[in-house]
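A.B. asks: Submitted below is the structure of interest, expressed as structure tokens.
The values are calculated or read from the model by the stated rules, or taken from the named source; none is laboratory data. Keep in mind it's a predicted model, so treat the numbers as computed, not measured. Neighbour counts run over all protein chains shown; Cβ positions are idealised from the backbone, glycine included.
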Amino acid sequence: MNADVRVGTSGYSFNDWKGPFYPEKLDKGKMLDHYVKFFRTVEINSTYYRIPHPAVMANMVKKAPEGFDFMIKVPQSFTHRRSDLEADVAAYREALKPFEESGKLAGTLAQFPYSFKFSQNNLDYLAVINETLKPNRLFVEFRHNGWVNRPMYDFLCRHEIGYVCVDEPALPGLLNPDAFATTDTGYVRMHGRNAEKWWNSGALRYDYAYSKEELEEWRQKIMKLKTKTKTVYMFFNNCHHGHAARDAFAFVQMLNG
């Protein structure tokens, strides 16, 4: 196999991208129209904080050209509270419908917190969430490095749950920047390497611009990963000041030689 590599950003609607990526006077409602000129995929992260009305999602779908697709993040209640989910499951499934009906839903992303550690109970919980979201594909991101083991790998493969590779600071307890897949779809999230602000600075942990050398490290990893998969998604989550858009565009250019 020689996978199609689809590069994008984790979210697109940021005011501080005006200037670095968007035209200064661009209306916020026109941001996706501009974004799709440069990328073929995007993560929708707003669903993590609040589940939008399906009409909002349908408007996104209308702006997306043929061949463009979306990864939709699951609500934080799925990954952090992990109980009393019936209402949120129903609302989230409704929000997904415009993407499903258009054929533009690439999958769903569950980003678990550092406190969600490897255990049989948590493996069982992943199986429940996976069943709940079928037939849509589930991809899971872990923050604690205790998850990187053979039982996790075998479990995800068996349940056809996609593993999310990450690039983040080299700090104790966090995952290494490994590149592997548990389904025929690879998934990479680039969080930046802002070690100083990772633990106690909230969203500022993602304030980071990748160097050409750091991007080259991942280009080589993607080249290997694409030989073992059908599709590879790579999303830049270093969202501050347009870093994600600039780095994603630079990475696309590197892939294209």
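A.B. asks: When you look at A106, is it under 16 Å from the mean Cα position of the chain (by Cα), among the small types (G, A, S) and within 30 Å of E216 (Cα to Cα), yes or no?
C.D. replies: yes
A.B. asks: Something else now. Does region 48-103 hold any residues that are of a type in the set (D, E) and under 17 Å from the mean Cα position of the chain (by Cα), and which are they?
C.D. replies: D69
A.B. asks: In addition: Quick test of your reading of the structure: F249 fulfils all but one of (1) among the aromatic types (F, W, Y); (2) within 15 Å of V7 (Cβ to Cβ); (3) assigned to a loop (DSSP other than H, G, I, E, B). Name the failing condition by number.
C.D. replies: Result: F249 fails condition (3) only.
A.B. asks: In region 69-110, which residues are among the charged types (D, E, K, R) and buried (at least 21 other Cβ atoms within 10 Å of the Cβ)? Even if it seems obvious, please write down each step before you answer.
C.D. replies: The first filter runs over region 69-110 and keeps only residues among the charged types (D, E, K, R), leaving 69, 73, 81-82, 84, 86, 88, 93-94, 97, 100-101, 104.
Residue satisfying the conditions is K73 alone.
A.B. asks: Now for a different question. Would you mind listing the strands (runs of 3 or more DSSP E) fully within region 113-207 where at least 1 residues are of a type in the set (A, V, I, L, M), within 30 Å of R93 (Cβ to Cβ) and in contact with a helix residue (DSSP H, G or I) (Cβ under 9 Å, 6 or more places away or on another chain)?
C.D. replies: In region 113-207, 138-141, 185-190 are the strands (runs of 3 or more DSSP E) which contain 1 or more residues that are of a type in the set (A, V, I, L, M), within 30 Å of R93 (Cβ to Cβ) and in contact with a helix residue (DSSP H, G or I) (Cβ under 9 Å, 6 or more places away or on another chain).
A.B. asks: Also: Would it be correct to say that D124 is closer than 29 Å to P172 by Cβ and free of Cβ contacts under 8 Å to residues at least 12 places away in the same chain?
C.D. replies: The answer is yes for D124.
A.B. asks: Can I ask one more? If you scan region 20-32, which residues turn out to be surrounded by fewer than 12 Cβ atoms within 10 Å (Cβ to Cβ) and either closer than 18 Å to F249 by Cα or in contact (Cβ under 8 Å) with a residue 24 or more places away in the chain (or both)?
C.D. replies: Within region 20-32, P23 is the sole residue that qualifies.
A.B. asks: Report, ordered by the first and then the second residue, all pairs with beta carbons closer than 8 Å, sequence separation of six or more or different chains, a first member in region 215-232 that is free of Cβ contacts under 8 Å to residues at least 60 places away in the same chain, and a second member that is part of a loop (DSSP other than H, G, I, E, B).
C.D. replies: Within 8 Å, the pairs are E217/P177; W218/P177; W218/A179; K221/P177; K221/A179; K224/A179.
A.B. asks: Quick one: would you say G186 is out of contact with any His (no Cβ under 6 Å at 6 or more places or on another chain) and closer than 21 Å to G8 by Cα?
C.D. replies: yes
A.B. asks: Can you find a residue in region 217-232 that is touching a strand residue (DSSP E or B) at 6+ places or on another chain (Cβ under 6 Å), assigned to a strand (DSSP E or B) and at pLDDT 95 or above?
C.D. replies: yes
A.B. asks: If you don't mind, another one. Spot the failing condition for T9; the list is (1) surrounded by fewer than 14 Cβ atoms within 10 Å (Cβ to Cβ); (2) on the phi < 0 side of the Ramachandran plot; (3) in contact (Cβ under 8 Å) with a residue 40 or more places away in the chain, and only one is missed.
C.D. replies: (1)
A.B. asks: Here's something else I'd like to know. Residue by residue through region 175-196, note down the ones that are hydrophobic (A, V, I, L, M, F, W, C) and touching a residue at least 40 places away in the same chain (Cβ under 8 Å).
C.D. replies: Going through region 175-196, the residues hydrophobic (A, V, I, L, M, F, W, C) turn out to be 175, 179-181, 188, 190, 195.
Residues satisfying the conditions are A179, F180, A181, V188, M190.
A.B. asks: Moving to a separate point now. Which condition number does L105 fail, the rest of (1) at pLDDT 95 or above; (2) hydrophobic (A, V, I, L, M, F, W, C); (3) over 20 Å from R40 (Cβ atoms) being met?
C.D. replies: Every condition holds for L105 apart from (3).
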